[in-house]
Amino acid sequence: MKHELFPWLILFLPLLSATVIALFTLRSKTISSLISIGAVVAGFVLTVLFISANGFHVNAETSKNWLSIGAETSKNWSSTDGITGLQVDFGLKLDALSLMMLLIVTGVGGLIHIYSYAYMDEDDSKARFFAFLSLFTFSMLGIVLSNNFLQMFIFWELVGVSSYLLIGFWYGKPSAGDAAKKAFITNRLGDFGFLLGILTIWGVLGSLNFGELQSIFAAHSATLLSAGVITIAGLLIFCGAVGKSAQFPLHVWLADAMEGPTPVSALIHAATMVAAGVYMLCRVFFLLNADALHVIAYIGGFTALLAALIAVQQNDIKRIIAYSTLSQLGYMVMAVGLNGQTAAMFHLTTHAFFKALLFLAAGSVILGMHHEQDIWHMGNLRKKMPITFITFLIGALALSGIPPFSGFYSKDSIFAQCLEQKNYLLFGVAALVAGLTAFYTFRLFFVVFFGKEKSDHAKHAHESSLVITVPLVVLAVFAAIGGFIGVVNYYGSQFTPDHETLTFVQQLMEPLKTPVPMCIGIAVALIGIFLAFSIYKNADTDPLPAKLGVLSTAMKNRFYFDEIYEATFIRAHDTIAAICGAIDRFLLEGFIIGIIRGGTDLSGRGLRLLQTGNLQTYAFLFVLGVALVLYFVLGK
Amino acid sequence: MSILTYIAGWPLLAALLLVFISGKNRVIIRAIAVLATFISMVLAIKMFCQFAAAPVDADGYRFVQQIPWVESLGISYHVGVDGLNVGLILMGAIVAFAATLCSWEIQKREKEFYILLLVMSGGILGAFASLDLFFFYFLHELALVPTFIMIGVWGRGEKKNYATFQITLYLSIGALIALIGLIALYLQSGADTFDIPKIIAYAKAKPLATNVQNFIFPLLLFGFGILVSLWPFHSWAPLGYGVAPAPTAMLHAGVLKKFGIYGLIRIALPLMPVAAQSWMQIIAWLAIGNILYVGWVAMRQKDLNLLIGNSSVAHMGFIFLGIASLNLIGISGAVMIMVAHGFLAALTFALSGYIYQKTNTLEISELGGLCRRLPFIGTVLLMAAMAGCGLPGFANFVGEATVFFGAWAQPSLHWAVVLAVWGALVIGAVYMTRAIRNILHGPLPEKFATLPDASNLWRKLPYALLLVSLLIFGFVPKLLTEKINPDAAKIVAVSSPVVKTSAVALAEIHTPKSEIRN
């Protein structure tokens, strides 16, 4: 392996950047942002250099021991002696999966960093913003490169806290503070399962290293994969993905996370962090058995449908895209559950392009609209913001799955995977969701870019500066061509050993191999777009609520999940806390103090009896004491 | 003379010196106190760095010094360090220096305050270094008594007297029960010495009878346990820290409190392995009491200091869980948390002290938006809160994670680990982020529009010092674990015969690890 140092540099440059900004350059907006941008762009260049020198299939690990307690080798799990040591490495795992993710995180991340330079220009805390952004990049790269479970968990938590900091970036706003708190706690609920899953795996197999675990599983797949404890471990680990990738039932935080600045939504809550759950499932796919995968597939499918339904009746431009993110993540998770890691990672990659694009374009709209986010106050922006309009259109077409845009290819591979696994129910769900996706995306598109200007801001909207539009154009190019530039080859060869490398033309024609899902996919997308066109082409208000009635209200209120959780789990937990608080206050404190006080009082009364005032008694006791001391000092 | 004598000696000597200086020379008094604790800290850092290279005596201790005192009773001045107390002494000395620096806030009777603070610092450092039961106990008492006086005289708030009363009562009783246990141990061991290494060596050859162990172990468990705010004997702690002046709370919650656990690990486990084994489940229950119950109580607090106090009590549960696991991983984790929590508790109390000094309130509902006016203090508080809910990067995470792994290696404690992880990841996150939301985030109340931040380097130093310590051990835990492991292994070797586990579902697989690696 050449350039062995590069991966370490890629990982630690952003941390260095965050530290330098926090300690020295917080006063200078420009220097801080340039340091942060420099770190991630350097990471991208180093990644490209590393890949061009070594290719995608390095399949190497470099690691250093980080924590070592007890026995050198991990548990010899055929013996019955129990586990006697804990070995944790700090290591980097380099294979096609992690290298592709490196490209996404540093590439898409780099573009978003550059975009932020202009987007956050007026903010007084721009330096702090870039410090957080660098911290996030470091944590995300850490997840991608981890070679063992505990290290991944460490970076998993760090990603959680960076997301917390960035959502709450405008902490003066109560809603931002609340959203940050909610995101953090919800993620922690998922991490609770994740950590227990890690402990379970370690307790059974005695190792945390992915490579070692994988070879154990390879050698004993039959015994291990049928064991109940492995099912439990797999589901617990999946909890981590449920939290981070915002799957049902922990999906509630992602929409609120839109309180953060728009580049954050693009980077963290669309392209990278929320994808970490899917990435993690692919990384540890070897330990998921059929039962666990079954649950994963249905959770994913359900989330995809739920989020798509909610998205139909949202009016905040960022929230619509956020729910669409949820829905697409549901697709990816479902694909993993259907044994389609290649399809899942393929969709993750194209989604990173077009969803980052959509968010950044939405950010451009928001800037042009002077921070107005309600789509019903926009309208007719296509002429005033031409570049944003074109790039948004490309993103929307990719998201809806229209050929030849990237989303079409990746979504098609997921559809094909459903059929290959003969899961017609999930295929139906996937097709329905695809139709809904096209519908709500183009609802947004028509309302924002067509029709009349619905407010004064819309009349005075203006195109954004070059620093903003250039990243849009670059992302648009990838959102358009991402489906046939080889992405699928790198993943395919990682997950399926007998994968043949497809040529450019083969990639272009790949969907034709399975014409049924392709035709259905294109048909539902076109129907969705057509419906959106006919309803929203010139609409000033949303006609759907009148037609759908209660359903629309439920969709608008996100099916009341927040309220249900508030009334049940949160209230129950708070009640327990209140009971403990009351016990602590009145019972324990009063009771124990009472006993001690009463006891002291009693013994005081008892001892008073000894105070006879009789000199002879005192003298006797005194001599007795002296005798005792003498006995101990001299007698023994 | 051993470097340990100097580490504990300088603060005590400075206290003595202060007695002869007039209370009017405020600057000189403060300078002497700061200087003494600074020297003590530098020496402790030096000792920590030289630990690996230092010569080891027959019992496995380094930097040893022994001067016989009352030979007929077997009492001697005997100090030394091994992996169990090296981190504690380093942490104690750093916290003592930080606490002295943070004593800006004391306005009245400064001389007396500094004398007591120095006695407290020197006493507890000496207690940790002592390898003689007599000095071990005596020096702890020497450090404990000033706590009560400081809370009583310099404390704040309406509940001051009640809190002083409660903390004095609890801690005196705890210390008394532990004393009874220690005397019983002295009488029963038959070694006729107060020398800890000798007693342990003696007990190794001639273990205490099981019924004796079963009688003495609970005395030490609950005696020491009360000193560490073991559930349900914890209510003194939040209340006491709530009213204590910040430097006292820093030293007590950070350093003094660890004495009880240190005593359990140093004395109770190696001498009474059989009893420890049979008390394992009960300790785990009590630990969960600390983690869950007190965690929930912390969720209900409306006063920042009470919240921090309860959270600090909750963290003790992780240490007890580590002890309950009775294996190398768990005990190492417990020692790790002792050190990490010392830094963290001191840091949080120092921060709340600063906020109280500037805003004159710690009612969470009255605060808000402070990050705007206090970027430095706010950032450090945020990081401390994150460290408190177990964020990786800080030393606490390493300790807690290690304890979870250690306890998980005991199948009979799986239930406790599940609950403890819930306490660490969820309950901790809930009360910490709620506090952050209400104190640092949101709009800034009008009356705080002119709050001053910790501006110069000198004022920032104590916070930075404690934070950096947390980060160093969080990033490079090996600095500590490599020192802890060999000595924790010795304790485990005595106290737990290897607990047999069986990988139930996988019993039929029999392949040696080495083959798999290929």
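The values are calculated or read from the model by the stated rules, or taken from the named source; none is laboratory data. Computed from a predicted structure; not experimentally measured. Please note: Cβ atoms are built from the backbone with ideal geometry, for glycine as well, and neighbour counts cover all protein chains shown.
Selection of segment B:479-488 for residues being crowded, with 16+ Cβ neighbours inside 10 Å and of a type outside the set (Asp, Glu) yields B:Leu479, B:Leu480, B:Thr481, B:Lys483, B:Ile484, B:Asn485, B:Ala488. In this structure, is B:Gly254 small (Gly, Ala, Ser) and either at positive phi or buried (at least 24 other Cβ atoms within 10 Å of the Cβ) (or both)? Considered against the rule, which asks whether it is small (Gly, Ala, Ser) and either at positive phi or buried (at least 24 other Cβ atoms within 10 Å of the Cβ) (or both), B:Gly254 comes out as yes. Within segment A:291-335, restricting attention to residues that are of a type in the set (S, T, N, Q) and under 18 Å from the mean Cα position of the chain (by Cα), the residue that is surrounded by the fewest Cβ atoms within 10 Å (Cβ to Cβ) is A:Ser327. Looking at (1) farther than 21 Å from A:Gly85 by Cα; (2) within 8 Å of chain B (Cβ to nearest Cβ); (3) at pLDDT below 90, find the lone condition where A:Ser226 falls short. Evaluating A:Ser226 over (1) farther than 21 Å from A:Gly85 by Cα; (2) within 8 Å of chain B (Cβ to nearest Cβ); (3) at pLDDT below 90 leaves (2) as the failure.
Can you name the residue in segment A:105-126 that is surrounded by 24 or more Cβ atoms within 10 Å (Cβ to Cβ) and of a type outside the set (S, T, N, Q) and is also farthest from A:Ala476 (Cα to Cα) among such residues? Here the answer is A:Tyr119.
Inclusion of A:Leu133 among residues that are more than 11 Å from every other protein chain (Cβ to nearest Cβ) and under 30 Å from A:Leu199 (Cβ atoms) is not warranted.
Among the helices (runs of 4 or more DSSP H) confined wholly to segment A:549-612, which include 2 or more residues that are more than 13 Å from chain B (Cβ to nearest Cβ) and at pLDDT 80 or above? Lay out the reasoning, then the answer.
On the way: elements: A:550-556, A:561-565, A:571-582, A:589-610.
In segment A:549-612, A:550-556, A:561-565 are the helices (runs of 4 or more DSSP H) which contain 2 or more residues that are more than 13 Å from chain B (Cβ to nearest Cβ) and at pLDDT 80 or above.
Scanning segment B:361-381 for residues that are surrounded by fewer than 24 Cβ atoms within 10 Å (Cβ to Cβ) and within 28 Å of the chain's Cα centre (by Cα) yields B:Thr361, B:Leu362, B:Glu363, B:Ile364, B:Phe376, B:Gly378, B:Thr379, B:Val380. Taking (1) free of Cβ contacts under 8 Å to residues at least 12 places away in the same chain; (2) surrounded by fewer than 18 Cβ atoms within 10 Å (Cβ to Cβ); (3) facing chain A (nearest Cβ under 8 Å); (4) not hydroxyl-bearing (Ser, Thr, Tyr) in turn, B:Pro443 satisfies each apart from (1).
I'd like to check something: does segment A:189-203 contain any residue that is within 18 Å of the chain's Cα centre (by Cα), closer than 30 Å to A:Phe478 by Cα and more than 8 Å from every other protein chain (Cβ to nearest Cβ)? Looking for residues that are within 18 Å of the chain's Cα centre (by Cα), closer than 30 Å to A:Phe478 by Cα and more than 8 Å from every other protein chain (Cβ to nearest Cβ), one finds none in segment A:189-203, hence no.
Can we say B:Ile436 is more than 7 Å from every other protein chain (Cβ to nearest Cβ) and within 22 Å of A:Phe153 (Cβ to Cβ)?
Working: more than 7 Å from every other protein chain (Cβ to nearest Cβ): yes; within 22 Å of A:Phe153 (Cβ to Cβ): no.
The answer is no for B:Ile436.
Scanning segment B:426-481 for residues that are outside any helix (DSSP H, G or I) and at pLDDT 90 or above turns up B:Val476, B:Pro477. Just one residue in the set A:Leu13, A:Leu9 is over 18 Å from A:Ser162 (Cα atoms), at pLDDT 90 or above and in a helix (DSSP H, G or I); that residue is A:Leu9. For segment A:16-30, the tally of residues that are without any contact (Cβ under 8 Å) to a residue 12 or more places away in the chain and either part of a loop (DSSP other than H, G, I, E, B) or among the aromatic types (Phe, Trp, Tyr) (or both) stands at 1.
Of the set (1) away from chain A (no Cβ under 11 Å); (2) within 27 Å of A:Asp584 (Cβ to Cβ); (3) of a type outside the set (Phe, Trp, Tyr), all apply to B:Ala407 but (1).
Out of all the residues in segment A:532-542, which are part of a loop (DSSP other than H, G, I, E, B) and out of contact with any helix residue (DSSP H, G or I) (no Cβ under 6 Å at 6 or more places or on another chain)? Even if it seems obvious, please write down each step before you answer.
Filtering segment A:532-542 down to residues part of a loop (DSSP other than H, G, I, E, B) leaves A:537-542.
Answer for segment A:532-542, where residues must be part of a loop (DSSP other than H, G, I, E, B) and out of contact with any helix residue (DSSP H, G or I) (no Cβ under 6 Å at 6 or more places or on another chain): A:Asn538, A:Ala539, A:Asp540, A:Thr541, A:Asp542.
Considering B:Leu304, B:Leu321, B:Leu286, B:Leu269, the condition of being more than 26 Å from A:Gly85 (Cβ to Cβ) and within 19 Å of the chain's Cα centre (by Cα) is satisfied by B:Leu286 alone.
Could we say that B:Ala385 is crowded, with 20+ Cβ neighbours inside 10 Å, touching a residue at least 24 places away in the same chain (Cβ under 8 Å) and at the interface with chain A (Cβ under 9 Å from one of its Cβ atoms) here? Walk me through it before giving the result.
Values: crowded, with 20+ Cβ neighbours inside 10 Å: yes; touching a residue at least 24 places away in the same chain (Cβ under 8 Å): yes; at the interface with chain A (Cβ under 9 Å from one of its Cβ atoms): no.
No; evaluated as a whole, the condition is false for this residue.
Screening A:Ala42, A:Ala18 for residues that are out of contact with any Phe, Trp or Tyr (no Cβ under 8 Å at 6 or more places or on another chain) and surrounded by 15 or more Cβ atoms within 10 Å (Cβ to Cβ) leaves exactly one candidate, A:Ala42. Candidates in segment A:166-178 are the residues that are touching a Leu at 6+ places or on another chain (Cβ under 8 Å) and surrounded by 22 or more Cβ atoms within 10 Å (Cβ to Cβ); of these, the one that is nearest to the other protein chains (Cβ to nearest Cβ) is A:Tyr171. Restricting attention to segment A:179-188, the residues that are facing chain B (nearest Cβ under 7 Å) and either farther than 16 Å from A:Lys244 by Cβ or of a type in the set (A, V, I, L, M) (or both) add up to 2.
Given the condition touching a residue at least 12 places away in the same chain (Cβ under 8 Å) and under 30 Å from A:Leu195 (Cα atoms), answer yes or no: does some residue in segment B:371-380 qualify? Yes, segment B:371-380 contains a residue that is touching a residue at least 12 places away in the same chain (Cβ under 8 Å) and under 30 Å from A:Leu195 (Cα atoms).
Does A:Leu399 count as under 22 Å from A:Ile529 (Cβ atoms), part of a helix (DSSP H, G or I) and touching a Lys or Arg at 6+ places or on another chain (Cβ under 8 Å)?
Working: under 22 Å from A:Ile529 (Cβ atoms): yes; part of a helix (DSSP H, G or I): yes; touching a Lys or Arg at 6+ places or on another chain (Cβ under 8 Å): yes.
Yes: the conditions hold for A:Leu399.
Look through A:Ser207, A:Ser162, A:Ser221 and report the one residue that is more than 7 Å from every other protein chain (Cβ to nearest Cβ), closer than 25 Å to A:His251 by Cβ and not hydrophobic (A, V, I, L, M, F, W, C). Step through it out loud before you land on a result.
Values: A:Ser207 fails: closer than 25 Å to A:His251 by Cβ; A:Ser221 fails: closer than 25 Å to A:His251 by Cβ.
Answer to the selection: A:Ser162.
Of all residues in segment B:274-329, those satisfying the criterion of being more than 14 Å from every other protein chain (Cβ to nearest Cβ), closer than 30 Å to B:Pro207 by Cβ and crowded, with 24+ Cβ neighbours inside 10 Å are B:Ala275, B:Ala276, B:Ala284, B:Ala287, B:Met316, B:Ile319, B:Phe320, B:Ile323, B:Ala324.
Okay, residues lined up against (1) farther than 25 Å from A:Ile595 by Cα; (2) in contact with a helix residue (DSSP H, G or I) (Cβ under 7 Å, 6 or more places away or on another chain); (3) within 14 Å of chain A (Cβ to nearest Cβ):
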position: B:Phe217; (1), (2), (3): no, yes, no
position: B:Gly225; (1), (2), (3): no, yes, yes
position: B:Val228; (1), (2), (3): no, yes, no
position: B:Pro238; (1), (2), (3): no, yes, yes
position: B:Ala244; (1), (2), (3): no, yes, no
position: B:Ala249; (1), (2), (3): yes, yes, no
position: B:Val255; (1), (2), (3): yes, yes, no
position: B:Phe259; (1), (2), (3): yes, yes, no
position: B:Tyr262; (1), (2), (3): yes, yes, no
